Every structure is written in C-alpha cells, then in structure tokens.
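Have a look at the structure below, then the notes.
What follows is calculated from the coordinates using simple rules that are stated; it is not laboratory data. Nothing here was measured: the structure is a model prediction, and the numbers come from that model. Glycine gets a Cβ as well: all are built from the backbone with ideal geometry, and neighbour counts include every protein chain shown.
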Amino acid sequence: MIVKFCGLRREEDIKSVNATGPDLVGFILVKGRRRYIEPEVIRSLRVGLDKDIKVVGVFIDEDINVVKSLIEDKTIDIAQLHGSESNEYIKELKASTGATIIKAIGIRSPEDIKRAEESCADLIIVDSPGGGTGSPFDWELLKKIKREYILAGGINVDNLPEAMLKLNPYGFDISSGIETDGLKDEEKMKAVMAIIKKG
C-alpha cells in the first residue's frame, strides 16, 4: 500500500518523513495555496530527504513546459495534476519526460468515477472536489470503481481504519490529517504508518 504525505514545507518535515518512511512526499506548486512552496526551496529540502522517498510536485493547470522543466532538472520525480488537464496533456508529459504521472480527480458523482477510470495517468487519486479541503467525500461512490486508486480527502487516524476496511485502496494521500495547528506533526505521521502496517 502506497503512502504519500503531502504539503511539506520545512526542514522539520523532511526529518519527520525520513523517520516515518512514506513512499512519496508531495510539495504544492500552486501559487496562492497555503502550502505553496517555491521550486528552489524544494531543491534545497530534497537534499536531506531519504533517497528511497520519491518527490511529487502538485500542480493545477500549469503550463506543461513548467512541469517538464521541474521533472527534467530533478526538482521533482513525479507530477500530480489536480486541474482540468486532458489525456493529451498527460500523454505528452509522459512521452517527453518518462516520469510517473498522477491525476487527481474530485469525486462528486458517478461521472467523476468514469473520468478517473478513463484517465491515461499512471496512477489516479480520488479526492474531495477542489483538493486540499481536509474533508472526506462520499466513499459510497467508490464501490463500483474499476481501477486501483489512491484515496485522499480528509484522511486521518480516526477514519483511516474504516477506509482500509471498507475500501482497501491502493494507497493513501494525507496532508491535513498529519498536521497540528497547520504544521506537520511527526507523531501523527507515526500513528498513520502504524495503522497501515497493522493492515
């Protein structure tokens, strides 16, 4: 099961993920978002990151050349797309960089499930509409999905066991659920990893 801790911003966050060992860490490259971080800061932070942890850049309808350049100069390893990016955009990004591409889709209806199933991205994230809300969506909509997915949207230590039991997703993407007062909390990261390791 893949675990991604998202929204890192500080050296303390890097130390915490090194201590807890998620598979992926996410940096928000969307200006105006509370957890936004400049690319040069990501480059500085990843120097201290465990080499087994992959770096994901999170974008919303970014110029494809900007995303390509951040992959090519090793600022990020993986691109996560949260906007209205088309399959053509995803195909071009994959072909030109060879990187893993994740498409996040806000789930409101069965039509959104269909869009997730039809995405040509390597992985999909199913999330609350808008992303970064800290609130779950209606998990009942996932009962008939015909594709592996990473679950996001308000995941925390309280609802994680239920999500594992009811949905058994391919992985989890967690941001606000590992924070206290808006900052990443290593103890919450440890608690999340302990629940997932228990299965």
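The aspartates and glutamates whose alpha-carbon is closer than 17 Å to the alpha-carbon of Lys166, local same-chain residues fewer than 8 away aside, are Asp127, Asp138, Glu140, Glu148, Asp158.
Using only the Cα atoms of the chain, build the gyration tensor, take square roots of its eigenvalues as a ≥ b ≥ c, and label the shape rounded, prolate or oblate: rounded if a/c is under 1.5, else prolate if a/b is larger than b/c, else oblate. Verdict is oblate for the chain. Anything over 25 Å Cα to Cα? Flag those among Lys74/Lys94; Lys68/Lys190; Lys91/Lys190; Lys4/Lys184; Lys146/Lys184, in the order listed. Beyond 25 Å between Cα atoms: Lys68/Lys190; Lys91/Lys190; Lys146/Lys184. In this label model, Asp181 and Asp52 are separated by 3.3 nm, measuring between points 7 Å along each Cα→Cβ vector.
I need the shape label for region 131-199. Rule: rounded when a/c is under 1.5, else prolate if a/b > b/c, else oblate, with a, b, c from the alpha carbon gyration tensor.
oblate
So, counting K/R as plus one and D/E as minus one, what does the shell of residues with Cβ under 9 Å around Ser119 add up to? Net of charged neighbours comes to +1.
In percent, how large is the relative contact order of region 91-198, given Cα pairs closer than 8 Å and 6 or more residues apart?
Here the relative contact order equals 20 percent.
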